[in-house]
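Down below is the structure, laid out as structure tokens.
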Amino acid sequence: MTPVILLAAEQKSAEVTDWAARAGWLVGLALFVALIYWLMREGWKWRGTLQGDLPELPGAPSEPGAVKLTMSGRYHGSTTAGQWLDRIVAHGLGTRSRVELTLTDAGLDVVRPGAADFFVPTAALREARLDKGIAGKVLTEGGLLVVTWEHGDRLLDSGFRSDRAAEHHEWVDAINSMINKTETEGAR
């Protein structure tokens with residue numbers, strides 16, 4: 001036999017696994033991941049506490065008036081107006097969810113299955129525009145309907161994405177015309 005074959009024949013295979021060490025590493029990793037998730041949850045709750053001065057969200061009126069537009073899609077969150085990463089989490093505004101939007105003479109009704117519904121009165125609406133991102137969600141240019149509204153003493157931006165993105169322009173025009181009409185009537 002040649003020396004190479006002899007060396008290969010004399011080698012022993014390595015031990016398969018040190019199960020105690022592997023279990024220890026897995027338990028340690030699981031505890032580390034649990035700690036990170038717990039810290040993230042506590043940060044979310046702390047942000048909600050800091051935003052505790054935000055008043056309760058208004059509910060829809062019993063007689064909202066004629067329906068102008070409806071849309072189904074996704075609610076991507078609310079932020080402080082002009083600061084697309086400063087997410088508002090108080091009163092469930094930070095929870096992403098499905099959404100059914102209804103624009104009426106009285107305002108914007110936001111119905112979210114599995115999350116808190118809210119209503120934005122026409123007098124609180126400030127602007128509607130197309131944008132590309134809100135609260136950590138970035139889409140293509142103009143892929144997000146952003147509605148700016150006043151709640152308490154804060155201006156908020158709420159981001160919505162329709163299941164049919166072509167509807168966004170119609171929503172921007174309708175909301176902005178409602179705002180202009182309200183401002184014109186208020187100036188008289």
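The values are calculated or read from the model by the stated rules, or taken from the named source; none is laboratory data. Quantities reported herein were computed from a predicted structural model and do not represent experimental measurements. Here the Cβ is made from the backbone with ideal geometry for all residues, glycine too, and neighbour counts use every protein chain on show. The accessibility values were calculated without ligands, DNA or RNA, using every heavy atom of the protein model including side chains. Shrake-Rupley method; radii C 1.70, N 1.55, O 1.52, S 1.80 Å.
Regarding the range 45-66, can at least one residue be identified that is more than 18 Å from HIS91 (Cα to Cα), under 24 Å from the mean Cα position of the chain (by Cα) and either exposed (fewer than 10 other Cβ atoms within 10 Å of the Cβ) or at pLDDT 90 or above (or both)?
no
Being among the aliphatic types (A, V, I, L, M) and crowded, with 16+ Cβ neighbours inside 10 Å is the requirement here; does VAL138 meet it?
It is false that VAL138 is among the aliphatic types (A, V, I, L, M) and crowded, with 16+ Cβ neighbours inside 10 Å.
Scan (1) open to solvent by less than 40 Å² (accessible area, probe 1.4 Å); (2) farther than 24 Å from GLU63 by Cα; (3) in contact with an Asp or Glu (Cβ under 6 Å, 6 or more places away or on another chain) for the single condition ALA124 breaks and write down its number.
The number of the failed condition is (2).
Counting just the residues of the range 141-167 that are among the hydrophobic types (A, V, I, L, M, F, W, C) and open to solvent by less than 60 Å² (accessible area, probe 1.4 Å), which one comes out nearest to LEU93 (Cα to Cα)?
LEU156
Would you point out which residue out of GLY73, GLY94, GLY77, GLY114 is more than 19 Å from SER62 (Cβ to Cβ) and open to solvent by 60 Å² or more (accessible area, probe 1.4 Å)?
GLY114
Take the residues in the range 75-122 that are out of contact with any Gly (no Cβ under 8 Å at 6 or more places or on another chain) and hydrophobic (A, V, I, L, M, F, W, C), then tell me which one is modelled with the lowest pLDDT.
Out of the qualifying residues, it is ALA81.
Does at least one position in the range 168-183 carry a residue that is under 12 Å from HIS76 (Cα atoms), of a type outside the set (Val, Ile, Thr) and surrounded by 14 or more Cβ atoms within 10 Å (Cβ to Cβ)?
No, the range 168-183 contains no residue that is under 12 Å from HIS76 (Cα atoms), of a type outside the set (Val, Ile, Thr) and surrounded by 14 or more Cβ atoms within 10 Å (Cβ to Cβ).
Could you tell me how many of the residues in the range 30-77 are assigned to a loop (DSSP other than H, G, I, E, B) and more than 30 Å from MET178 (Cα to Cα)?
Residues meeting the conditions: 1.
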